[in-house]
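The values are calculated or read from the model by the stated rules, or taken from the named source; none is laboratory data. Keep in mind that this is a model prediction, so the values were computed, not measured. Note that each Cβ is placed from the backbone with ideal geometry, even for glycine, and that neighbours are counted across all protein chains shown. To get the accessible areas, we keep the full protein, side chains included, count just its heavy atoms, and leave off ligands, DNA and RNA. Shrake-Rupley method; radii C 1.70, N 1.55, O 1.52, S 1.80 Å.
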Amino acid sequence: MAATSSSSSSSESNEANSKWLDAHYDPMANLYTFSSCIALADLHGDGEYKLVVGDLGMAGHTMRLKVYRGTGLASESTLLDLPAAVTTFLMDQNEPRTPAVAVASGPFIYVYKNLRPYFKFTLPPLDANPLEQDVWEQAKEDMIDPLTLKEMLEGIRDKAEIPLSVRSLRFLAQDVPEMENFVNLHKGQPIKRQTVITCMSTLKKNMADEDAVSCLVIGTESADVLILDPEAFTILAKMTLPSVPAFLDVMGQFDVEYRVTVACRDGSIYILRRESKRPKYCIELSAQPMGLVRVHKNIVAGCSDETLQGYTQKGKKLWTVYLPAPLMTMSLLDHKSRGFQAVMVGLANQEVHMYLDKNLVDVIRTQDVVTSICFGRYGREDNTLIMTSKGGGLIIKILKRTAVFEEKDMSLGPPVAQSIRLSVPKKTRLYVDQTLRERENAVAMHHVFQMDLYRLRLMAARAYVKALESSLAPITSTLQEPIKMNAVVQGIGPTFKLTLHIQNTSAGRPSINLLVSFLYDQSLYAMKRAFFKAPMLVPGLNYPIETFVECLSDKGISDVIKVFVLREGQSMPLLTAHINMPVSEGLAAA
Amino acid sequence: MGLFDKLAGWLGLKKKEVHVLCLGLDNSGKTTIINKLKPSNAQTQDIVPTIGFSIEKFKTSSLSFTVFDMSGQGRYRNLWEHYYKEGQAIIFVIDSSDKLRMVVAKEELDTLLTHPDIKHRRIPILFFANKMDLRDAVSSVKVSQLLSLENIKDKPWHICASDALKGEGLQEGVDWLQDQIQAMKT
Ligand SMILES: Nc1nc2c(ncn2[C@@H]2O[C@H](COP(=O)(O)OP(=O)(O)OP(=O)(O)O)[C@@H](O)[C@H]2O)c(=O)[nH]1
Ligand SMILES: [Mg+2]
């Protein structure tokens with residue numbers, strides 16, 4: 001047992017520390033989607049939650065609405081166009097209380113009940129440009145030829161406030177020979193201008209319960225936010241934004257008070273309130289928004305400059321986190337039973353990071369880049385994490401019952417000690433005076449300092465030159481005779497042992513004919529040999545040369561003994577050492 | 001007196017009492033299984049998810065079982081360990097059709113087996129791979145593989161495929177458990 005269990009546990013040692021259980025991984029699930037097109041709901045009212053995915057398919061075909069149960073695909077149906085958003089919501093109070101599925105695509109919302117098509121909502125058409133209508137009217141009467149039509153439409157396109165209809169844009173994209181045909185084919189019908197849905201969310205109607213009836217909230221390409229009645233699909237409220245909404249977050253209840261937070265394509269977040277036709281607050285982001293999540297009451301936006309930014313609900317900036325890689329998608333982790341909310345961020349480096357406020361609390365490594373994340377109740381498990389990857393894989397993980405997220409950052413950063421406040425003493429009167437003086441006389445003080453600094457440098461330079469000139473330094477300055485010397489004094493007196501360590505530091509030339517001479521006060525010291533010849537110095541070797549010095553005085557005085565290394569026939573020493581002799585203590589004792 | 005007890009036991013007058021813990025994830029069918037093991041006149045018709053736990057009793061040919069039917073819901077699972085000391089045997093129920101949560105069942109089983117009150121005891125464990133009647137149920141062999149049951153070397157264990165609605169497979173399991181408990185006592 002020991003053998004098998006230890007081998008399996010060592011290969012999974014990383015997994016053992018993980019907060020997640022790997023429930024399912026299918027790299028070939030063929031699911032291509034984004035976080036906005038994923039939802040979890042108890043579709044059949046049997047307590048087993050299903051996964052609803054708007055699958056974008058590959059290259060814009062085989063779009064499907066897929067429903068997963070457990071680890072397998074339970075049903076799928078074809079979608080006519082690419083889905084922009086998928087959500088589930090309760091339309092009415094009728095029993096059984098099974099939620100409907102809403103799929104937004106193009107200008108439509110397809111509503112499914114019991115997974116069967118139930119209703120199709122179409123966005124109201126927009127007013128077409130009157131100039132554009134005039135021009136087409138003339139074309140219909142054959143008053144202008146296609147080329148003139150083209151020129152006039154181009155003029156309108158470049159100047160007008162109201163953009164051209166899809167028909168005119170398609171006409172402008174035609175090759176000249178086909179224009180005639182196109183005009184004849186389409187000139188009969190009136191011009192329609194249609195917008196499309198960019199994002200969708202839900203808003204509780206008048207109760208805060210988990211299973212309350214909800215309105216759909218949609219953002220459109222015409223920069224509007226619409227709130228739809230859950231049963232009649234009439235427009236209950238319309239708000240206009242300065243830019244096209246890309247991500248929506250809604251909280252509150254329609255009949256009471258609500259707040260819609262919208263991240264727009266102009267790189268701003270707008271916050272709308274009930275009864276406000278225009279945004280109440282605006283947050284200008286540092287880059288394009290890539291995702292928007294509300295954590296409790298704060299807003300967290302992921303931006304294309306690889307940052308995560310936290311704001312209060314009134315738009316005050318709280319923090320910025322720099323991500324290690326570009327952000328792919330983000331979603332909320334809501335651990336309901338513990339009241340714990342965090343942001344999950346899918347990154348381009350195949351990692352999913354979890355942030356509690358600005359603290360990184362967990363990292364999940366995946367086989368592929370994660371493009372969509374959804375956390376919630378799935379099957380019968382409350383804390384399930386569903387992710388799909390760029391290559392179409394499906395990853396399902398379950399948060400361990402015992403997992404705890406520490407509220408401190410796991411990424412390397414400044415040590416904890418750094419954030420502890422020091423009890424700095426109060427500023428004294430002296431300190432304040434001093435700072436005042438420094439502030440007032442900054443220039444003069446700087447001058448004085450500079451002057452002293454130059455003086456110091458000058459003195460240092462002079463001393464250096466002098467040392468070089470008189471060969472006072474313990475290293476020779478001539479390149480022909482590179483020699484190093486240091487001297488050691490041993491003993492307590494009256495006899496001292498003096499050891500000179502001489503070393504030839506040249507690369508390969510031995511030094512010969514060197515003399516060593518001592519200069520000292522003859523009334524104080526006596527030396528057997530004050531002048532002798534040094535042996536031949538082989539390069540690199542250290543030559544200890546020992547002599548004995550006798551101290552003649554018993555008055556406790558000491559002096560300097562100078563050592564010179566000379567070259568035969570030259571009076572200028574190659575190098576000089578000053579030995580500070582210690583006071584002779586031995587004599588006093590004797 | 002000891003002789004009298006034994007005699008009574010042989011004659012089936014007084015049965016030995018054993019305490020059994022019934023564990024497993026929510027919706028695995030614990031309550032349904034226990035209910036089926038009771039005499040038919042004591043069975044209930046509607047079974048609802050257990051809150052906290054409930055105590056049930058049933059008898060076999062030679063033993064009198066007192067079962068702690070624990071709730072398997074996540075928020076009640078931390079109650080289990082408080083009863084480990086009293087348990088003389090464990091019935092662990094798995095929903096063999098819930099492939100998604102097999103990892104959760106394994107995690108709970110591993111936590112159980114490494115608990116100090118269980119770890120060093122030779123306590124018999126009976127596994128029911130329940131709901132075998134469902135179409136997407138996996139075999140009992142597969143269940144024991146997914147839960148790595150082969151790693152349990154210091155406790156007697158046994159796995160039975162079961163269908164608690166019809167009562168299939170339950171008797172085989174309980175017979176095994178009875179043998180184990182009697183072998184343990186003598
Ligand atoms: N098809 C099938 N369904 C079963 C089987 N056993 C139990 N069920 C059903 O599974 C559901 C849950 O059964 P319970 O006995 O309440 O499960 P439990 O393990 O006691 O659940 P908790 O008390 O919440 O921990 C019920 O609807 C049972 O009818 C089985 O063998 N086959
Ligand atoms: Mg139960």
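See the values below:
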item	result
Any chance B:Ile34 is modelled with pLDDT of 90 or more and either more than 11 Å from ligand 1 (Cβ to nearest atom) or outside any strand (DSSP E or B) (or both)	yes
The stretch A:374-391, residues that are outside any strand (DSSP E or B) and under 26 Å from the mean Cα position of the chain (by Cα)	A:Lys390, A:Gly391
Pick from the stretch B:37-58, criterion in contact with a Phe, Trp or Tyr (Cβ under 7 Å, 6 or more places away or on another chain) and surrounded by 14 or more Cβ atoms within 10 Å (Cβ to Cβ), ranking: nearest to the other protein chains (Cβ to nearest Cβ)	B:Phe53
Flag for A:Leu292 being among the aliphatic types (A, V, I, L, M) and more than 26 Å from A:Ala39 (Cβ to Cβ)	no
Tally, over the stretch A:110-121, of residues that are buried (at least 18 other Cβ atoms within 10 Å of the Cβ) and either of a type in the set (Val, Ile, Thr) or under 17 Å from A:Val213 (Cα atoms) (or both)	2
Top-ranked residue of the stretch B:59-92 - restricted to ones that are of a type in the set (Lys, Arg) and within 16 Å of ligand 1 (Cβ to nearest atom), ranked as surrounded by the fewest Cβ atoms within 10 Å (Cβ to Cβ)	B:Arg75
Top-ranked residue in the stretch A:76-109 [being out of contact with any Cys (no Cβ under 6 Å at 6 or more places or on another chain) and of a type in the set (Gly, Ala, Ser); ranked as nearest to A:Asp211 (Cα to Cα)]	A:Ala100
Boolean, B:Asp117 is modelled with pLDDT under 95, more than 14 Å from chain A (Cβ to nearest Cβ) and surrounded by 14 or more Cβ atoms within 10 Å (Cβ to Cβ)	yes
Some residue of the stretch A:567-580 being of a type in the set (Lys, Arg) and part of a loop (DSSP other than H, G, I, E, B)	no
Set B:Leu165, B:Leu134, B:Leu109: member being within 13 Å of another protein chain (Cβ to nearest Cβ) and either within 11 Å of ligand 1 (Cβ to nearest atom) or in a strand (DSSP E or B) (or both)	B:Leu134
The lone exception for A:Ala417 - which of (1) modelled with pLDDT under 95; (2) within 14 Å of another protein chain (Cβ to nearest Cβ) it fails	(2)
Pairs, first over 7 Å from B:Asp69 (Cβ atoms) in the stretch B:42-56, second of a type in the set (Gly, Ala, Ser), C-beta under 8 Å, six or more apart	B:Pro49/B:Ser71; B:Ile51/B:Ser71; B:Gly52/B:Ser71
Counted residues, the stretch A:78-97 - those being surrounded by fewer than 18 Cβ atoms within 10 Å (Cβ to Cβ) and in contact (Cβ under 8 Å) with a residue 40 or more places away in the chain	4
Every residue from the stretch B:168-186 that is within 16 Å of ligand 1 (Cβ to nearest atom) and open to solvent by 20 Å² or more (accessible area, probe 1.4 Å)	B:Glu168, B:Gly169, B:Gln171, B:Glu172
Failed item in (1) in contact with a Leu (Cβ under 7 Å, 6 or more places away or on another chain); (2) in contact (Cβ under 8 Å) with a residue 40 or more places away in the chain, with A:Asp559 passing the rest	(2)
Contacts under 7 angstrom Cβ, first residue in the stretch B:70-83 being facing another protein chain (nearest Cβ under 8 Å), partner assigned to a helix (DSSP H, G or I) and away from ligand 1 (no atom under 11 Å from the Cβ), 6 or more apart	B:Arg75/A:Ser337; B:Arg77/B:Glu108
Residue list for the stretch A:328-359, restricted to those being of a type outside the set (Gly, Ala, Ser), over 30 Å from B:Gln73 (Cβ atoms) and surrounded by fewer than 21 Cβ atoms within 10 Å (Cβ to Cβ)	A:Asn349, A:Gln350, A:Glu351, A:Asp357, A:Lys358, A:Asn359
Members of the stretch A:305-316 found to be surrounded by 13 or more Cβ atoms within 10 Å (Cβ to Cβ) and without any contact (Cβ under 8 Å) to a residue 40 or more places away in the chain, listed by number	A:Asp305, A:Glu306, A:Thr307, A:Gln309, A:Thr312
Search result, residues across the stretch B:13-32 that are within 15 Å of ligand 2 (Cβ to nearest atom) and without any contact (Cβ under 8 Å) to a residue 60 or more places away in the chain	B:Asp26, B:Thr31
A:Ser222 being outside any strand (DSSP E or B), under 23 Å from A:Phe108 (Cβ atoms) and among the polar types (S, T, N, Q)	yes
Residue match in the stretch A:60-68 (condition: within 14 Å of chain B (Cβ to nearest Cβ), surrounded by 15 or more Cβ atoms within 10 Å (Cβ to Cβ), modelled with pLDDT of 95 or more and touching a strand residue (DSSP E or B) at 6+ places or on another chain (Cβ under 9 Å))	yes
All positions within the stretch A:526-570 that are of a type in the set (Asp, Glu) and touching a strand residue (DSSP E or B) at 6+ places or on another chain (Cβ under 8 Å)	A:Glu546, A:Glu550, A:Asp559, A:Glu568
Residue list for the stretch B:93-106, filter: open to solvent by less than 10 Å² (accessible area, probe 1.4 Å), out of contact with any helix residue (DSSP H, G or I) (no Cβ under 7 Å at 6 or more places or on another chain) and more than 7 Å from chain A (Cβ to nearest Cβ)	B:Ala105
Positions within the stretch A:283-296 being out of contact with any helix residue (DSSP H, G or I) (no Cβ under 8 Å at 6 or more places or on another chain) and in contact (Cβ under 8 Å) with a residue 40 or more places away in the chain, in sequence order	A:Pro289, A:Met290, A:Leu292, A:Val293, A:Arg294, A:Val295, A:His296
Count - residues of the stretch A:23-37 that are open to solvent by less than 20 Å² (accessible area, probe 1.4 Å) and among the polar types (S, T, N, Q)	1
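Every residue, every condition in (1) assigned to a loop (DSSP other than H, G, I, E, B); (2) aliphatic (A, V, I, L, M); (3) surrounded by fewer than 11 Cβ atoms within 10 Å (Cβ to Cβ); (4) touching a His at 6+ places or on another chain (Cβ under 6 Å), yes or no:
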site	(1), (2), (3), (4)
A:Pro535	yes, no, no, no
A:Tyr543	no, no, no, no
A:Asp554	yes, no, no, no
A:Val583	yes, yes, no, no
